[in-house]
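Below is one structure, written out as structure tokens; comments come after it.
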Amino acid sequence: LGLIEGRQIAEILRGATAVDVAGLREKGVAPTLGIVVPTDDKSTASYVDSLVRVAETIGIDIRRTDLVEPSGEEVAAVVGELSTNPDVHGVLCQSPLPPGVLLGDIGAQIHPSKDVDGANPTSLGRLAAGLPAFAPATAQAVIEILRHEQVGLRAADAVVVGRSNIVGKPVALLLVAEDATVTVCHSQTEDLAGQARRADVLVVAVGRPKLIGAEHVKRGAIVVDVGINVTGEGDIVGDVDTAAVEQIARITPVPGGVGPVTTSVLLRNIAGAAGAKRLEEVT
Ligand code: NDP
């Protein structure tokens, strides 16, 4: 029972990636992330600044393009250029995108071998088909946390709340690939508490503070809270009532749970993309 330290897991992953990056640099390869920031939103900028800082400390180079109020075509063009640039190994486009522009349409410009955050619908399709592909870093982070906590996934009852292309669906696919028995819940699910209470592994990615309380959780379960919400007081909280649930289950806190692990997975994916000659080698 109690809290799972995401920051510790993130540190371990980052250490391993730093070793991989050093090895690549010895061979003359400088792992490089191309990142497009299509907004002057302050919280996005501070997230990107911290990602860049961490990347640089482990030897990953950054090519950053900031665009102010760009059109969808401009964003797609810059992303497409990075994707065809042989010096760039991984490509990421930050949200929020210009109004009306879909992440999938921008992501489609990224070659699957450089799609380190699984934004191209082709990557999701390949994942569904059991072919090598990058899953979104957040979805991979969920699996890393479960692995680190030594949760046996074979035949485990897993419930995923949320079905977005960037979190819920890929998490469900990765859990199926680990031989869990997976139920996906969403806004139309009847009796969410009844479904969730069956779970040995409960993953929540909705975007609603305290959607999940102790009445949704089986005693002894493991709960991964992916949600990020800003309260009226300006605090960052997840989707789960952490104080209530940590009495009966293991749970990732927000902040300090999935977030830092996601960053580490993204860095690992960049090193993986830089070291691979074919997509088959990246995952
Ligand atoms: P979306 O808004 O795209 O999807 C939310 C999902 O939750 C939808 O499938 C929706 O169902 C479902 N949902 C909404 N209300 C309910 C409800 N009352 N009961 C059950 N299901 C419900 O969000 P994302 O998947 O992009 O993100 C989810 C959360 O994770 C957000 O808080 C986001 O900020 C956070 N996030 C965190 C990341 C990290 O690294 N930690 C990275 C990415 C996201 P329906 O499909 O029926 O509408």
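The values are calculated or read from the model by the stated rules, or taken from the named source; none is laboratory data. No experiment lies behind these values; they were computed from the predicted model shown. Glycine gets a Cβ as well: all are built from the backbone with ideal geometry, and neighbour counts include every protein chain shown.
Do you know which of the residues in the range 107-123 that are among the charged types (D, E, K, R) and either part of a loop (DSSP other than H, G, I, E, B) or farther than 12 Å from VAL282 by Cα (or both) is nearest to the chain's Cα centre (by Cα)?
That would be ASP117.
Conditions tested, residue by residue: (1) of a type in the set (Asp, Glu); (2) touching a Ser or Thr at 6+ places or on another chain (Cβ under 6 Å); (3) at pLDDT below 95.
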residue: GLU149; (1), (2), (3): yes, no, no
residue: LEU153; (1), (2), (3): no, no, no
residue: ASP157; (1), (2), (3): yes, yes, no
residue: ALA180; (1), (2), (3): no, no, no
residue: THR183; (1), (2), (3): no, no, no
residue: ALA205; (1), (2), (3): no, no, no
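Cβ-Cβ distances below 8 Å connect the following pairs, each with a first residue in the range 146-171 that is touching a residue at least 60 places away in the same chain (Cβ under 8 Å) and more than 12 Å from CYS185 (Cα to Cα), a second residue that is within 15 Å of the ligand (Cβ to nearest atom) and in a helix (DSSP H, G or I), and a separation of six or more residues or different chains: HIS148/ILE9; ASN165/LEU103; ASN165/GLY104; ASN165/PRO121; ASN165/LEU124; ILE166/LEU103; ILE166/THR138; ILE166/ALA139. Just one of THR231, THR189 is at pLDDT below 95 and surrounded by fewer than 17 Cβ atoms within 10 Å (Cβ to Cβ); which is it? Result: THR231 is the single residue among THR231, THR189 that is at pLDDT below 95 and surrounded by fewer than 17 Cβ atoms within 10 Å (Cβ to Cβ).
Check whether at least one residue in the range 125-141 is under 13 Å from the mean Cα position of the chain (by Cα), part of a helix (DSSP H, G or I) and either away from the ligand (no atom under 16 Å from the Cβ) or over 21 Å from GLY275 (Cβ atoms) (or both), and report yes or no. Scanning the range 125-141, I find at least one residue that is under 13 Å from the mean Cα position of the chain (by Cα), part of a helix (DSSP H, G or I) and either away from the ligand (no atom under 16 Å from the Cβ) or over 21 Å from GLY275 (Cβ atoms) (or both), so the answer is yes. Residues that are surrounded by fewer than 17 Cβ atoms within 10 Å (Cβ to Cβ) and part of a helix (DSSP H, G or I) were ranked within the range 29-51; the one that is modelled with the highest pLDDT is ASP49. When the criteria are applied in full, GLY59 fails the requirement of being buried (at least 20 other Cβ atoms within 10 Å of the Cβ), part of a loop (DSSP other than H, G, I, E, B) and on the phi > 0 side of the Ramachandran plot. Of the candidates ARG198, ARG163, the single residue that is at negative phi and more than 11 Å from the ligand (Cβ to nearest atom) is ARG198.
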